[in-house]
Each structure stands twice: as structure tokens, then as C-alpha cells.
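A.B. asks: Shown below is the structure under consideration.
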Amino acid sequence: MANVLDVTRLTTQFTKKGTALTVVDELSLHVKKGESLGIVGESGCGKSVASLSIMQLLGQNGRIQQGSVRLNGRDLLALSQKEMQRIRGKEMAMIFQEPMTSLNPVLTIGKQMSEVLEKHEGHSKQQARQKVIELLTLVGIPRATEIFAEYPHRLSGGMRQRVMIAMAIACNPTLLIADEPTTALDVTIQAQILDLITKIRKELGMAMIMITHDLGVVAETCDRVMVMYAGQV
């Protein structure tokens, strides 16, 4: 089976006061269709930076110094930012660590989720609204029609994380990256979110990278595990 994602000798650096600091050091990994890869390691070991490198969301002082990132055989590092914008959210998507800072506080849930469908799938406003309500229902949010018009601060942490999952799977991506999706949640909600991610991944046949420092999460959701330390595997 062909790999959905192939990362080869990826090295990511950040520049601070004119000095280049290597945060991810010659990282290589692969994920097959429908497979779930766990990346574990202590805080600061480079897990999240590795995922942001794959998504090319490093910010102005970060750069990929060497290596290759291939999604379905396509070299992502050779693409322009405009081309990457067409891929992010459609072919690969990310569930970020803290949903309160990932969701725009001044836009309603419906507005933020509809934008994904309008840009990537060409939906009309009415089509996008219908699809968003279906997605919110799919991830277990009650009163989806009412939640559509709510702002993020009106929702609990668990509900916001469900919104992030719904947004990530809106366009049926082939690769889903989940960056510690249960960090800010209590144990009961954490279990519900993990069950939900696993169920949706299997239903849609997505490849997934689960980034965590919790080996219990890995045992429950992953087929393989990779340990990172000081930027290296």
C-alpha cells in the first residue's frame, strides 16, 4: 500500500537574535492510508514543530532547512503558499492543541466552518450551512442548528474541541494531524473525544498522526508509535 505521507530527513530551524536553532533534526517518518501513527515525547522535544513543518505553518522566523515532505507523492516543499492554502484543510487537516486560541473569537462557529466548505468545496452559503449542521451532529454536538450561530466563548472546552474536529474533517482529508487534542479536557471528555476521533478516522479511511505525551492515548488510538527526544527520533 502506498504511503499517504512520506517525510525524509526533515530539519527545521528557528532564528533567534541572528542564530539558527535546530528544533527538528533529520526527522523521517511515513504513514499509510488508514493508519494511525503516534508521536510521543516530552514537552519541547519538537513534536508540534514537526507537525507545523508538515503543514508549513512555521511563522516568519521558522524555516525548513532541508528534507522532503510528500503527501500522496506530491512534494509539498516545492509548492507556493497559495498552492499550500488549497491543500491545507482539503487534503490534510490539523486539530490544534488549544481550541480556544485556534477558533476566531469574533466569528460564529457557523461562519468559521462554512468558510472551509465555501473555499475548498465551492459550496453556496446555504449548502455550507446544511453541511456544517450535519458535521456538528456527526461529532456529537446537540442543538447543532443553535450552535451554528454561537460564538466560541459560549461553548465548553469539550464542545470547542468537537467543533475543531468537525472543521478538520469537513473536506474528508486523506491525512489528519491531531496535536494533543485532549490536553485541556477532563478525563471523561478526553475519552469521548478519543473515541470520536478513532471512529471518524475508521469511517473515512483517513491516515492520522496523533501527537501526545500520554502513552495511554497512544495505546488506545495508534497502530505504531515513534518517540522523539531533542528534535530527533
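Computed from the coordinates by the stated procedures, all read-outs in this text should not be read as laboratory data. Everything numeric here is computed off the predicted structure, so don't read it as measured data. Counting neighbours? That spans all protein chains shown, and the Cβs are built from the backbone with ideal geometry, glycine included.
A.B. asks: Between Met100 and Glu121, what FRET efficiency follows from the Cβ-Cβ distance if R0 is 25 Å, with the result rounded to 0.05?
C.D. replies: About 0.40, to the nearest 0.05.
A.B. asks: Which order results if Ser48, Ser53 are arranged by neighbouring Cβ count within 10 Å, fewest first?
C.D. replies: By the 10 Å Cβ count, ascending, the order reads Ser48, Ser53.
A.B. asks: Between (1) 37; (2) 44; (3) 31, which entry matches percent of Cα pairs over 26 Å apart as derived from the coordinates of this structure?
C.D. replies: Derived directly from the coordinates: (1).
A.B. asks: Taking 25 Å as R0, compute the FRET efficiency from the Cβ-Cβ separation of Asn72 and Arg9 and round it to 0.05.
C.D. replies: Computed FRET efficiency for Asn72 and Arg9: 0.80.
A.B. asks: Check cross-link reach from Lys202 to the lysines: straight Cα distance under 30 Å, and skip same-chain residues fewer than eight apart.
C.D. replies: Straight-line reach from Lys202, under 30 Å: Lys32, Lys33, Lys47, Lys90, Lys111, Lys119, Lys125, Lys131.
A.B. asks: Could you give the distance between the Cα centres of region 144-161 and region 1-68, to the whole Å?
C.D. replies: What the calculation gives is 32 Å, centre to centre.
A.B. asks: Determine the dipole magnitude for the chain: charges of +1 sit on the beta-carbon of Lys and Arg, -1 on that of Asp and Glu, nothing else is charged, the reference point is the Cα centre, and the result goes in debye to the nearest 20.
C.D. replies: 640 debye
A.B. asks: Give me the angle, in degrees from 0 to 90, between the Cα long axis of helix 125-138 and the longest principal axis of the Cα atoms of the chain, rounded to the nearest 10.
C.D. replies: Its long axis makes an angle of about 80 degrees.
A.B. asks: Exposure proxy check: Val106, Val49, Val31 ranked by fewest other beta carbons within 10 Å?
C.D. replies: By the 10 Å Cβ count, ascending, the order reads Val106, Val49, Val31.
A.B. asks: Further question: Got a sec? How would Lys17, Lys111, Lys199 order by Cβ neighbour count within 10 Å, fewest to most?
C.D. replies: Result, fewest neighbours first: Lys17, Lys199, Lys111.
A.B. asks: For the chain, what is the mean residue ellipticity at 222 nm derived from helices alone (per DSSP H run of n ≥ 4: -39500 (n - 2.57); sum divided by total residues; nearest 500 deg cm²/dmol)?
C.D. replies: Using -39500 (n - 2.57) per qualifying helix, the result is -11000 deg cm²/dmol.
A.B. asks: Please list, in chain and number order, the residues 5+ apart from Met226 or on another chain whose amide H is under 5 Å from its amide H, with Hs placed from the backbone.
C.D. replies: Amide H neighbours of Met226, under 5 Å, 5+ apart: Gly38, Ile39, Val40.
A.B. asks: Suppose each label sits 7 Å from its Cα in the direction of the beta carbon; what would the Arg154-Tyr229 distance come out to in nanometres?
C.D. replies: My value for the distance between the label points is 4.9 nm.
A.B. asks: How high is the relative contact order of region 134-207? Use alpha-carbon pairs under 8 Å, at least six apart in sequence, and give a whole percent.
C.D. replies: 33 percent
A.B. asks: Kirkwood-based Rg over Rh for region 1-132 (C-alpha set), two decimals?
C.D. replies: That ratio equals 1.00.
A.B. asks: Let me ask another. Given points 7 Å out from each Cα along the Cα-Cβ axis, report the Leu107 to Thr188 separation in nanometres with one decimal.
C.D. replies: 3.3 nm
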